[in-house]
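Novice: Next up is a structure, given as structure tokens.
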Amino acid sequence: MTKLHITWVKSGIGYAEGQKKTLKALGFRRLNQSVIHNDCRSIRGMLNKVRHLVRVEEQAVDAG
């Protein structure tokens, strides 16, 4: 399974309230914070909504 390393790189000030709530739902508390999530459709949908505010890197996870 692939993990996503997500970093919040741009402030949500001046953007829609739904985008701010999406950042909070992803687990962010402050700017330049990083979180790791499993790669799934719901997370990808949230990332699509705030793609201009975050940086995403994929990390392959070994099964062994």
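Novice: Grab the strands (runs of 3 or more DSSP E) fully contained in the chain, keeping just those with 2 or more residues being among the polar types (S, T, N, Q).
Specialist: Hits in the chain: 2-8, 34-38.
Condition check ((1) among the hydroxyl-bearing types (Ser, Thr, Tyr); (2) free of Cβ contacts under 8 Å to residues at least 12 places away in the same chain; (3) touching a strand residue (DSSP E or B) at 6+ places or on another chain (Cβ under 6 Å); (4) open to solvent by 70 Å² or more (accessible area, probe 1.4 Å)) across all residues:
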{"site": "GLN19", "(1), (2), (3), (4)": "no, no, no, no"}
{"site": "LEU23", "(1), (2), (3), (4)": "no, no, no, no"}
{"site": "SER34", "(1), (2), (3), (4)": "yes, no, yes, no"}
{"site": "VAL56", "(1), (2), (3), (4)": "no, no, yes, no"}
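Novice: Of all the residues that make up the stretch 1-29, how many are more than 12 Å from the chain's Cα centre (by Cα) and under 18 Å from CYS40 (Cβ atoms)?
Specialist: 2
Novice: Sticking with this structure for a sec: Name the residues in the stretch 1-15 that are open to solvent by 60 Å² or more (accessible area, probe 1.4 Å) and free of Cβ contacts under 8 Å to residues at least 60 places away in the same chain, would you?
Specialist: LYS3, VAL9, LYS10, ILE13, GLY14, TYR15
Novice: Next question, about the same structure. Do you know which of the residues in the stretch 37-49 that are exposed (fewer than 11 other Cβ atoms within 10 Å of the Cβ) and not polar (S, T, N, Q) is nearest to the chain's Cα centre (by Cα)?
Specialist: Out of the qualifying residues, it is GLY45.
The values are calculated or read from the model by the stated rules, or taken from the named source; none is laboratory data. These numbers come from a predicted model, not from an experiment. Cβ atoms come from the backbone with ideal geometry, glycine included; neighbour counts cover every protein chain shown. These area figures cover heavy atoms from the full protein model, side chains too; ligands, DNA and RNA do not enter into them. Shrake-Rupley method; radii C 1.70, N 1.55, O 1.52, S 1.80 Å.
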